[in-house]
Amino acid sequence: MEINGKGAIVVGGASGMGKASAQALAAAGARVAILDRESSDGKEIANEIGGLFHAIDITDFEGAEQALAAAVEDLGSLHIAVNTAGGGTVKKTLGRNGPHDLDTFRQVLDLNLVSTFNLNRLQAFHMSKNEAEDSERGVIVNTSSIAAFEGQIGQVAYTAAKAGIAGMALVMARDLGPQGIRVLAIAPSLFATGATAGFTDEQVAPLVADAAFPKRMGRPEEYAKLALAIVDNQMLNGQCLRLDAGQRFAPR
Ligand SMILES: NC(=O)c1ccc[n+]([C@@H]2O[C@H](COP(=O)([O-])OP(=O)(O)OC[C@H]3O[C@@H](n4cnc5c(N)ncnc54)[C@H](O)[C@@H]3O)[C@@H](O)[C@H]2O)c1
């Protein structure tokens, strides 16, 4: 899909990989709306790239529907959706204090998996109204993690959620094929965002020791490059792409 002139939404676009994606989409000529927490830097970043900001809490599923609808109305149309908001906890299936509690497990699934599906079903609905261009109406890019495939000790909830995001890509691509809407996920390894961005070389080295090359954390711009390549290339669909320098997570 040609990016120039299209309406794009980046959920989680105030920081990290979402911010880099919002910046890259704007630089490629898209009209961009950043959706992120009220307390985030979303408004400032939107101003910097000539875009819009709408506050959203992705775990408030009804509120998210309204925030998305308001953003699409302001943009005029929605062709590109990049969903990066998410996060995890560290808790073992059976820990020192007993079994993993279900509340935390559910919260991590809500924050990552249910919120992604909620956004996707609504994004697809908005995209379905577009006039098709080269038979295509929209592209959805979700964010998984290599923990979806080799989760580390303590990542059981996060792995379940991110594996769900990876697994949904093919089914949703099949569901939405008739509407000309593509769905993919990106599974990053360790990326230098938020707290990890300030790590020293000594702190980073053991975390990336299992990477083939390069042995460093990913850069948010490298996520953005892949997100834009996905939008650009119509033959990419229905899969989760690892972005990981050949790294396979060890158990810890
Ligand atoms: N950084 C990594 O090493 C790494 C690796 C694999 C996967 N991921 C995944 O990549 C995605 C982006 O991570 P990042 O490292 O760029 O993070 P980040 O913390 O830099 O950015 C995440 C953004 O999401 C927003 N957000 C979080 N919860 C939200 C909510 N409930 N409602 C609305 N917005 C919310 C935050 O405000 C923030 O702006 C996440 O889904 C994360 O799980 C990160």
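From the list E222, E202, the one residue that fits, being of a type outside the set (A, V, I, L, M, F, W, C) and within 20 Å of S15 (Cβ to Cβ), is E222. Of all residues in segment 103-127, exactly one satisfies the criterion of being surrounded by fewer than 16 Cβ atoms within 10 Å (Cβ to Cβ) and either touching a Phe, Trp or Tyr at 6+ places or on another chain (Cβ under 7 Å) or of a type in the set (S, T, Y) (or both), namely T104. Within segment 205-225, the set of residues being within 14 Å of the chain's Cα centre (by Cα) and either closer than 16 Å to I146 by Cβ or surrounded by 19 or more Cβ atoms within 10 Å (Cβ to Cβ) (or both) comprises P220, E222, Y223, A224.
Restricting attention to segment 73-102, and to residues there that are within 16 Å of the ligand (Cβ to nearest atom), of a type outside the set (A, V, I, L, M, F, W, C) and surrounded by fewer than 17 Cβ atoms within 10 Å (Cβ to Cβ), which single residue is farthest from E62 (Cα to Cα)? Full working, then the answer.
The initial filter retains those residues of segment 73-102 that are within 16 Å of the ligand (Cβ to nearest atom), namely 81-91.
If we keep only those that are of a type outside the set (A, V, I, L, M, F, W, C) as well, we get 83-84, 86-89, 91.
Right, trim to surrounded by fewer than 17 Cβ atoms within 10 Å (Cβ to Cβ) and you get 87, 89.
Details: G87: 20, T89: 24 Å.
Per the stated criteria, the residue is T89.
Considering segment 39-66, and only residues there that are of a type in the set (G, A, S) and not in a helix (DSSP H, G or I), the residue that is farthest from R106 (Cα to Cα) turns out to be G50. On the stretch given as segment 25-36, residues that are in contact (Cβ under 8 Å) with a residue 24 or more places away in the chain and outside any strand (DSSP E or B) total 5.
Given the condition over 18 Å from A173 (Cα atoms) and at pLDDT 95 or above, answer yes or no: does some residue in segment 115-130 qualify? If you could, list the steps in order and put the result at the bottom.
Taking segment 115-130 and keeping what is over 18 Å from A173 (Cα atoms), we get none.
The answer is no; no qualifying residue exists.
Sort through L190, L236, L228 and tell me the only one that's under 21 Å from E150 (Cβ atoms), in contact with a helix residue (DSSP H, G or I) (Cβ under 6 Å, 6 or more places away or on another chain) and surrounded by 12 or more Cβ atoms within 10 Å (Cβ to Cβ).
When all the criteria are applied, what remains is L190.
What residue, of A124, A166, is touching a Cys at 6+ places or on another chain (Cβ under 8 Å) and of a type in the set (A, V, I, L, M, F, W, C)? Walk me through it before giving the result.
On the way: A124 fails: touching a Cys at 6+ places or on another chain (Cβ under 8 Å).
Exactly one of A124, A166 is touching a Cys at 6+ places or on another chain (Cβ under 8 Å) and of a type in the set (A, V, I, L, M, F, W, C), namely A166.
Scanning segment 16-54 for residues that are surrounded by fewer than 21 Cβ atoms within 10 Å (Cβ to Cβ) and within 8 Å of the ligand (Cβ to nearest atom), we see that the one that is farthest from G218 (Cα to Cα) is S39.
The values are calculated or read from the model by the stated rules, or taken from the named source; none is laboratory data. All figures in this text were calculated on a predicted structure; none of them were measured in a lab. Cβ coordinates were reconstructed from backbone atoms using ideal geometry, including for glycine residues, and neighbour counts include every protein chain displayed.
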